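What follows is calculated from the coordinates using simple rules that are stated; it is not laboratory data. These figures come from a predicted structure and were not determined experimentally. For neighbour counting, all protein chains shown are included, and Cβ atoms are generated from backbone atoms with ideal geometry for every residue, glycine included.
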Amino acid sequence: MTPSQQVAEGVSPVRRFRAGGTGGFGSNILPLAAITVAVAAFLAVTQPNFATSSNLGSILFGVSIDFLAIIGFTYVMVTREIDLSVGSVFALTGMLTGSLLVADWSFWPAALVALAVAALIGFVNGFLVVRFNINSLMLTIGTMLLVRGLANVLANNLGGQTYPRAFRQFARTDLFDIRITIIIMLVAILGAWVFQRQSALFRKMCFIGENVRSALVHGIRVGRIKILAFMASSVTAGVAGIFTASRITHADTQMGMGLEFVMVTAAIIGGASLYGGRGDLRGSALGLLLLALVLNGMIMYDIEPVFQQFVIGALLIATVTFDTVLNRRAK
Amino acid sequence: MTIAQPARAEGAKPAGAILELRNVSKSYGAVRALRGVSFRVARGEIHAILGENGAGKSTTLKIINGEIEPDEGEVLVGGAVTLARDRKAGDIAMVHQELAVFSNMSVAENIFVGRMPRRNGRIDIARLHARAAELLRLFGLNIDTREILRSLTPGQQQIVEILRAVESDASLLILDEPTSGLNNHEAETLLSLIRRLRDGGHTILYVSHRLHEVLDVADHITVLRDGQYVETLANDGINEGDLIRRMVGRDLGPGVAANSAMLADAPVAFAVRGLSMAGQFHDMQLEVRQGEIVGVFGLEGSGAEQFSQAIFGIVPPSSGRIELNGRPIRDLSPASLMHSGMSYLNGNRKEAGLYMERSVAENISAPILDRLSRWGLVDRRKVLERAQEDIRRFAIRVPGPEGLPQQLSGGNQQKVMVSACLATDPKVIVLNEPTRGVDVGAKAEVHEAARAEAAKGKALLVFSSDLPELLRLAHRIVIMRSNRLAGEIRGVEMTEEAVMALAAGDR
């Protein structure tokens, strides 16, 4: 079934590029950073309102929250699975925390319970995928709908009520005059750099993603690692959800809608692949930033907000096409 | 009937030859699958092609069926030289070993798929079933044309598939192992169908491992060995022994003078007790002692392949036990078995065993990442050192430890895979087709590595369809046939004839 692997003397440019994502780890970060800077520069020159500290600050703040959610998501993609339930888990965890706070819980117990629920959802996703070998794309569409239903129940119960004041302030916590989520993002990127470069776990994830049967033959605990990745995906989505709930101050049924598609697009732009074996959290962060700049630019240019979905859709199609073509040529 | 003789001399061709191969050769990379094969098939006969695994049967069939073009030589159909695409479009029909039926459609629909009788642009259902019933009656088959295929026995499904080929008006039918997976009764029905087809004027090219069936049904038998033509025999008065001798051919010198008497005292390192998997293998018993190399041989469909995967937990067995050093292993997953000191070389490196887009160093260290790590972080220097050691030890021809496997030749890829397999310093090693598709040099090096491991007291279990390889490597050979253990041969009794008689024989 697999196309016969040619034993070529040289390596085609495409292969070299592909290998760059794994072997010469992170080599496509620089071009991506250059594109991002170019887009920012273009907006800064053409739009006076762009390069203001308040606009840049709010873009970075938004990206830093979404970034929390893409951490686990990226690593699920490395194992050649996908978790489309992130947007719903994001919403449920945020609203559950808010609901518990409205019911006079204190913050940490509320957040921990909500994150435990998120972890459970991730475990169920991973367990079903591993145990019954279900296609994670379809399975997590199911979880996405199911969890969205639960989130909507919470939203209806709260009925637009704002969260307690202490919680509304939570996302605006500053450390050294910088939003705490931005600091978390920077620390996480440094952590990811070490994790991806050095850790045995990340290598095993890459092995699983590139050839799951090889990984099995090499005694790698494939099932355990995949379940772990799905749990990480839900928990990081949950943490981002808690910050977002605090930021938007009330329960909103629109919260986290379509987030999964932003994640896929950003992760692939950042070097992950639908065909597994690759992924780079630094690239995912840049992908999110690039998308945020594009959307911000559209607002600056007074393009109808309804057009945002169109652009996200178009970018998603473009990235998965690019990903698939590259993958096929590499084979 | 015209007798088909090998076309050694370029003389006048007999009028009756429907198919002729002249000096056909085909290579896959460094592997020469066919070398100068020539033979003729007469019109209206049942012509069997016989050979061990890897003798070149499938390649020959693919060439005749027009799936691939030979590198050299000609294929004549009805006396005219043809191209692969002509043969593909022409009146040759092949029924593959694996069933290709529409399980949820009726018998009649399966037979006439793509050629349903129509009336006014719609399928004429009445005529469809009438014609199917007629066809079935013609061959004395008692099958309801409205039956859904899923509810038929495998034998009946196979028959429906053959009838589909018959219905396509093909004059040459190729049947590849049509009776594998059928019980004796079903096989008998199928063979009588094949005879009726011949009597009705069809020519049948028949490939089977079952010697008694071939002797039962074929008019002529062409034997291939190691990609070369051996002989075409007329089926009168020959017996299984004659065929086996020709399939096996050469006389190899005695293998490694293995002293199995010395090994008899060594402790049992690996044992399989009553392992079964529904439909694949039953009640397997096996012991391998420290320092021993045990070969497992079975023809395609014997269950040997599934058995090899089950003992490493890749496909979990349905019942039975595996013991390592006398200790039963409860969790039969690859990770757990590996943790207990077992290691496995996958039989097909294209499918699994390598990561084509990761460096040779990463490939070799894949099973031992945890050992090369501290606090969960991989010591990259150790990974490189380890790889350099193995590159030297196995003489892997690679630009450096950072090279990618996809840049290497098959033999060097195989050596990378063997390095990874031995990296854990396992006590029990399962090698699956250890030298499939590698050149002679790499083959010798892999064999040397296997012997060295045995000399260190490791227990080796080698699955191979390459019988000479097993004869040279193993202290004893366990043979599987029809999903069961068929017997065991050791020491001086290990000859190709003896093994083949157990693997392909009648009982």
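Things worth noting here:
- Applying 1/(1 + (r/R0)^6) with r as the Cβ-Cβ distance of B:ILE238 and B:ARG195 and R0 = 22 angstrom yields a FRET efficiency of 0.75.
- In nm, spacing of pseudo-spin labels at B:ARG490 and B:ARG118 (7 Å Cα→C-beta vector): 6.8 nm
- Computed over chain A, the per-residue total of -39500 (n - 2.57) for DSSP H runs of n ≥ 4 gives a 222 nm mean residue ellipticity of -25000 deg cm²/dmol, rounded to 500.
- Nearby lysines by direct alpha-carbon distance to A:LYS226 (threshold 19 angstrom, same-chain neighbours under 8 apart not counted): A:LYS204
- For a paramagnetic label modelled on A:ILE141 (point 7 Å from Cα along Cα→Cβ), amide N atoms under 17 Å away belong, within the stretch A:67-102, to A:81-88.
- Relative contact order (%) - the stretch A:147-293, alpha-carbon pairs under 8 angstrom, separation at least six: 30 percent
- Proximity of backbone amide H atoms, modeled 1.01 Å from N, is registered between B:TYR28 and B:ALA33 at under 5 Å, excluding neighbours fewer than 5 places apart on the same chain.
- Straight-line cross-link partners of B:LYS57 among the lysines, defined as a Cα under 22 Å from its Cα and at least 8 positions apart when in the same chain: B:LYS26, B:LYS88, B:LYS350.
- Three principal axis extents of the stretch A:206-331 based on alpha-carbon atoms, in descending order, are 54, 36, 22 Å.
- Estimated inter-spin distance, B:LYS88 and B:ASN142, nm [label 7 Å along Cα→Cβ]: 4.3 nm
- The C-alpha atoms of chain B define a longest principal axis, and helix B:125-138 lies at about 80 degrees to it.
- Whole-Hz Karplus values for the stretch A:90-97 come out as 3, 5, 4, 5, x, 6, 5, 4 Hz, taken residue by residue from phi with 6.51 cos²θ - 1.76 cosθ + 1.60 and θ = phi - 60°; glycine and proline positions read x.
- Ordering B:THR495, B:THR179, B:THR60 by the number of other Cβ atoms within 10 Å of each residue's own Cβ, fewest first, gives B:THR495, B:THR179, B:THR60.
- Zero-based 10 Å bins, Cα pair distances in chain B, whole percents: 4, 17, 24, 24, 18, 10, 3, 0, 0
- Under the simplified labelling scheme, the B:GLU385-A:VAL294 pair shows an inter-label distance of 4.8 nm, with each label point 7 Å from Cα along Cα→Cβ.
- Taking amide H positions as modeled 1.01 Å from N, with prolines and chain starts lacking one, the residues under 5 Å from A:SER199 and 5 or more places away or on another chain are B:VAL378.
- Cα gyration tensor category, rounded, prolate or oblate, for the protein assembly as shown with a/c compared to 1.5: prolate
- Of all DSSP beta bridges in chain B, antiparallel share, percent nearest 5: 55 percent
- Amide hydrogen neighbours beyond the local backbone of B:ARG289, cut-off 5 Å, H modeled: B:ALA269
- Net charge of the neighbourhood of B:LYS456, taken over other residues with C-beta under 11 Å away and scored Lys/Arg +1, Asp/Glu -1, is +1.
- Other residues within the sphere of radius under 12 Å centred on the Cβ of B:GLY320, judged by their own Cβ, net out at 0 (K and R +1, D and E -1).
- Using the rule -39500 (n - 2.57) for each DSSP H run of four or more residues, divided by the residues of chain B, the 222 nm mean residue ellipticity is -9000 deg cm²/dmol.
- You can think of it this way: the chain between A:PHE307 and A:TRP105 has 68.7 nm of extra reach, that is 0.36 nm per residue less the Cα-Cα gap.
- Ranked A:HIS218, B:HIS447, B:HIS47, criterion: other C-beta atoms within 10 Å, fewest first: B:HIS447, B:HIS47, A:HIS218
- Exposure proxy shown here: for A:ARG168, B:ARG137, the number of other Cβ atoms within 10 Å sets the order, fewest to most, as B:ARG137, A:ARG168.
- The HN-Hα couplings worked out from phi for the stretch B:461-467 by the Karplus form 6.51 cos²θ - 1.76 cosθ + 1.60 (θ = phi - 60°) are 10, 10, 9, 8, 8, 8, 4 Hz, whole numbers, x standing for Gly and Pro.
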